[in-house]
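*Asks:* Please read through the structure below; I'll follow up with questions.
The values are calculated or read from the model by the stated rules, or taken from the named source; none is laboratory data. In this text the structure is predicted, and so the values were computed from the model without any measurement. No Cβ is skipped: glycine too gets one built from the backbone with ideal geometry, and neighbour counts run over all protein chains shown. What goes into the accessible areas is simple: the full protein's heavy atoms, side chains included, and nothing from ligands, DNA or RNA. Shrake-Rupley method; radii C 1.70, N 1.55, O 1.52, S 1.80 Å.
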Amino acid sequence: REMIRWKEEGRVGKMKEVLRKEVVELSVSPYDTAWVAMVGLGRDQQPRFPQCLRWVAENQQADGSWASHPAGADPLLVKDSLSSTLASVLALRSWGVADELVHRGLDFIRCNAWAATDKKQRTPIGYDIIFPGMMESAAALGLNLPFHPSAFQAMLQNRDLLLQSSEWASGKRADVAFAAEGLATTTRFNGGGGQWQEVLREHQRKNGSLFNSPSATAAALLHLHDDHNSLAYLDSVLSAYDNSPAVPAIFPLDLFSRLDMADNLLKLGIHQHFMREITLILDHVYKCWIQRDEELFSDIGCLAKGFRLLRLNGYHVSSEVFEGLDRKEDYFKSVLTQYKSNDTILELYKASLTTLLPSEPILDGIKDWTSSYLRQTSLSHNDSDQDQRLAQEVEYALRFPYASLERIENRLSIDTADVDNHVKLLKTSYSLSNAGNKDWLEFAVDDFNKCQSLQRKELEVLERWVKEYRIEELKFARQKVAYGFFAAAAILFSPEHAEARSSWAKNTVLVTLVDDLWHGHESIGFCSEKVEIIFKAVYDATNEYVAKASLVQGRCVKHHFMDMWLVLLDCMWQEYVRGRDKIIPTMEEYIASGYVSVALGPVILVPMYFLGCNLSEEAMRSKEYDDLFMHVSVIARLLNDLATIGREIAQGKENSLALGMMQGSGKVTEEEARREIQRMIEKHRKELLRMVVLKEGDEGSVVPRAVKEVFWQTSKIVHMFYMSKDGFSSPHEMVAAIDSVIYKPIVLPHQHHHHHYST
């Protein structure tokens, strides 16, 4: 056991080192390196970056290509291989070196020419501009490319049509400048440096680059030989990796990759082991946010992910940064092609789900069009494994916008992870050698299975408790202890939260028994053996957790536990009396008792004492604490009402939807009443999140973040339980979720390891 603990600590330490690295390890890009190799020293005929030319000459693959990935690693990346190979051939021929390598490269292009126009292939961004441009450059250098003249002309005509279209017409158009490598032989750009000066004036970044792209920057330098800022950028790229002779596909990418790593730790469910590292990452990103760092604000996917992670972790960020992106038409007109991809739009959609009160119309607009667009965009028929995984993520995000339980999302992320093929595609393919690391996945699997094994044992103890207290004899009640335990385990899964899970599950059973007793008392009787069973279970469980919580918190908490039950029973009694006397409450009266009688009090307030933080008397008695409980409970009550309207009307129970229709004097339809209830749910959800993300001290907040996070996660649980019907009455929808969280361990398929080029 000590050896296992030592190995785990060593693995965690190694992963922490990766998270703390200042420079992210990016794969080498043969394509970009070839373009940098073409840059001359001033107007003299010698290379400005001879080390890059040497790298090209020394790194041809056995098949004659300069592919950035091993042959056969991804059969849908042949276009990418063609592009990298043609760029490398151009670099060698332009300096008149390595003819044998040039001929071998042309042989590779000849054998794979079919892929150049194959629509099933994954197409690099800008390919339809860049590849024909490189073909023209090759012809100008006397190279005989193995393309049929008609195919050659068709590609050129398609390129020209794109450039003449309204989307591509202006030289100021960012998409045109991003594909700068393909513009050298076009009519608009081959007459001198004027147009290239315009490109730099409009699109050159503070670091001297065009779009952080070494290849685009190098292409501009082929025409503007002495642009010092562009040269300084390329020098900085090479020096960033200890004067490496090769460059990556994009640089810098630190902010995006750091955010990606933090997000992956959260997705995989292992973030609790790296909280300090994640905080350091987010602090750095927030500093860049305040400074309006170009790397962050020029990449929409990075901006959206940063916004979401910063907001959900209590940093003050404004949704105004997305101004102009809240309408689909404006979005597609104003952004670069690479930011029109579904993964970027998914990031925008996720960011839009973090809306707070008061209203944020920009985020509401983004949510409307991104959700509609993602639903209409079919990814499932694409042959790419990467697109299949993205399709699953999109489907999950759309289906569970407010019901994404942490442990289910962890399971999905682990099950669909592809550690051996974490290739991304811009103008060429690239990968982050420390972002899709096998260590992350293996650690996540071990951690998930370890937690799950412990939870199965805890559930066995709870099932014995049900038998010991004769609860299973109460046939009238919906006493499914697995449901309550699943809800707790789905959000409080760490080993140290065992008491929180246990108290959550027991009190879920107990409040359900009490609720069913109230509504079945006429046949059960209040002075019966069944009541005695319930009373003893409630009494003993309450005293058990009073003693444990008092020990953990260092003070007596009995009064709080008593108050929870007394207030709950009082509200249940009020509703019983109204029903008995046929009194119809106002909506305000109904909500005032209904948010308490939904019975979340004992279920979620008891576990708060076992989260590993100090829950002071001041915090527990504060208005903030009461409001947090009120918001999540109102959400639960209204969701319950929407899901159970038919059954509750038949049973003569109060229901907000029925009240809404009755108080409209027959003029309010059920659909209109539903919309009003949904509006109320949305209002309480937004205000709940606003309160949750407040850091302690902000607006006088005294409730610990860990406690507030449980209120937020509980809102997700009730959204899931009441997505269609009352979760307790419709067990079949929950079986798969319970199995995945509690019963079925994760088994990773055998992974094949591929060589990774690293700078």
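*Asks:* Summarise the accessible area of the chain (1.4 Å probe, protein heavy atoms) by the percent that is carbon and sulfur.
*Replies:* The computed percentage sits at 53.
*Asks:* Starting from the Cα of N144, step 7 Å toward the Cβ, then list every residue of region 93-116 with an amide N under 18 Å from that point.
*Replies:* 93, 99-113
*Asks:* Near the amide H of V557, under 5 Å away, which other amide H atoms are found, from residues 5 or more places off or on another chain, if H is placed in the peptide plane?
*Replies:* The list, which skips near neighbours in sequence, is S550.
*Asks:* For region 193-244, count all C-alpha to C-alpha pairs, find those more than 14 Å apart, and express that count as a whole percent of the total.
*Replies:* Result for the distance tail: 45 percent.
*Asks:* Applying the Karplus parametrisation 6.51 cos²θ - 1.76 cosθ + 1.60 with θ = phi - 60° to the phi angles of region 557-573, what ³J(HN,Hα) value in whole Hz is obtained for each residue in order, glycine and proline being reported as x?
*Replies:* Once θ is set to phi - 60°, the couplings for region 557-573 become 10, 4, 4, 5, 5, 5, 4, 4, 6, 5, 5, 4, 5, 4, 5, 4, 5 Hz.
*Asks:* Run the count for region 480-587, please: Lys pairs, Cα-Cα under 30 angstrom, 8 or more apart or on different chains.
*Replies:* Final tally of qualifying lysine pairs is 15.
*Asks:* Could you check the spin-label model distance between E672 and Y539? Points 7 Å from the Cα along Cα→Cβ, value in nm.
*Replies:* Spacing of the two 7 Å Cα→Cβ label points: 5.3 nm.
*Asks:* Translational diffusion coefficient of the chain at 37 °C, 0.692 mPa s, Stokes-Einstein with Kirkwood Rh over Cα pairs, in µm²/s as a whole number.
*Replies:* 112 µm²/s
*Asks:* Give the residues of region 260-298 whose amide nitrogen is closer than 11 Å to a point set 7 Å from the Cα of R20 in the direction of its Cβ.
*Replies:* Hits in region 260-298 for R20 at 11 Å: 277.
*Asks:* Pull out a ≥ b ≥ c, the square roots of the eigenvalues of the alpha-carbon gyration tensor of region 213-346, then state rounded if a/c is under 1.5, prolate if not and a/b is larger than b/c, and oblate in the remaining case.
*Replies:* Since a/c reaches 1.5 but b/c is at least a/b, the shape of region 213-346 is classed as oblate.
*Asks:* Related question: Answer rounded, prolate or oblate for region 232-275, using the Cα gyration tensor with square roots of eigenvalues a ≥ b ≥ c: rounded when a/c is under 1.5, else prolate when a/b is larger than b/c, else oblate.
*Replies:* It comes out prolate by the Cα gyration axes.
*Asks:* Hey, another quick one. Taking the Cα centre of region 224-340 as origin, work out the dipole magnitude from +1 charges on Lys and Arg Cβ and -1 charges on Asp and Glu Cβ, in debye rounded to 20.
*Replies:* Charge dipole of region 224-340: 620 debye, to the nearest 20.
*Asks:* Ignoring everything except DSSP H segments at least 4 long, calculate the 222 nm mean residue ellipticity for the chain; use -39,500 (n - 2.57) per segment, divide by total residues, nearest 500.
*Replies:* -19000 deg cm²/dmol
*Asks:* What distance in nm separates the two pseudo spin-label positions at I583 and E442, each 7 Å out from Cα along the beta-carbon direction?
*Replies:* Reported label-point gap for I583 and E442 is 6.7 nm.
*Asks:* How large is the accessible surface per residue of the chain, computed with a 1.4 Å probe and reported in Å² as a whole number?
*Replies:* With all protein chains present, the chain gives 43 Å² per residue.
*Asks:* Top to bottom by accessible area (1.4 Å), largest first, where do K716, K558, K667 land?
*Replies:* So, going from the largest accessible area down, we get K667, K558, K716.
*Asks:* In nm, to one decimal, how far is the L642 label point from the S622 one, both placed 7 Å along Cα→Cβ?
*Replies:* 3.0 nm
*Asks:* Right, here's the next one. Go through E406, E323, E676 and list them by solvent-accessible area, largest first, probe radius 1.4 Å.
*Replies:* Accessible-area ranking of E406, E323, E676, largest first: E323, E676, E406.
*Asks:* Compute, for I290, the solvent-accessible surface of its heavy atoms (probe 1.4 Å) with the complete set of protein chains present, and express it in square angstrom to the nearest 10.
*Replies:* The accessible area comes out at roughly 110 Å².
*Asks:* Relative to the present Cα-Cα distance, how much length would full extension add between Q388 and R11 at 0.36 nm per residue of separation?
*Replies:* Extra length available between Q388 and R11 comes to 132.7 nm.
*Asks:* Here's something else I'd like to know. Please work out how much length the chain gains when fully extended from Q195 to L41, using 0.36 nm per residue of separation minus the C-alpha to C-alpha distance, in nm with one decimal.
*Replies:* 53.3 nm
*Asks:* Okay, next question. Taking a 1.4 Å probe, which of E202, E588, E687 shows the most accessible area, and what order do the others take after it?
*Replies:* Descending order: E588, E202, E687.
*Asks:* Alpha carbons only, please: Rg and Dmax for region 311-360, in angstrom.
*Replies:* When restricted to Cα atoms, region 311-360 yields Rg and Dmax of 12.0, 33 Å.
*Asks:* Please report the spacing between the Cα centers of region 256-274 and region 136-166 in Å, no decimals.
*Replies:* The two parts, judged by their Cα centres, are 44 Å apart.
*Asks:* Another question about this same structure. For region 623-706, what is the relative contact order in percent, using Cα pairs closer than 8 Å and at least 6 residues apart in sequence?
*Replies:* 34 percent
*Asks:* Would you kindly derive the ³J(HN,Hα) couplings of region 133-149 from the backbone phi angles with the Karplus curve 6.51 cos²θ - 1.76 cosθ + 1.60 (θ = phi - 60°), listing them in order in whole Hz, with x for Gly and Pro?
*Replies:* Values per residue, Gly and Pro as x: x, 5, 4, 5, 5, 5, 4, 5, 8, x, 7, 9, 7, x, 10, 4, x Hz.
*Asks:* Can you list the HN-Hα couplings for region 387-399, worked out from phi with the Karplus curve (6.51, -1.76, 1.60; θ = phi - 60°), rounded to whole Hz and with x for Gly and Pro?
*Replies:* Values, residue by residue: 5, 5, 5, 5, 4, 5, 5, 5, 4, 5, 5, 6, 6 Hz.
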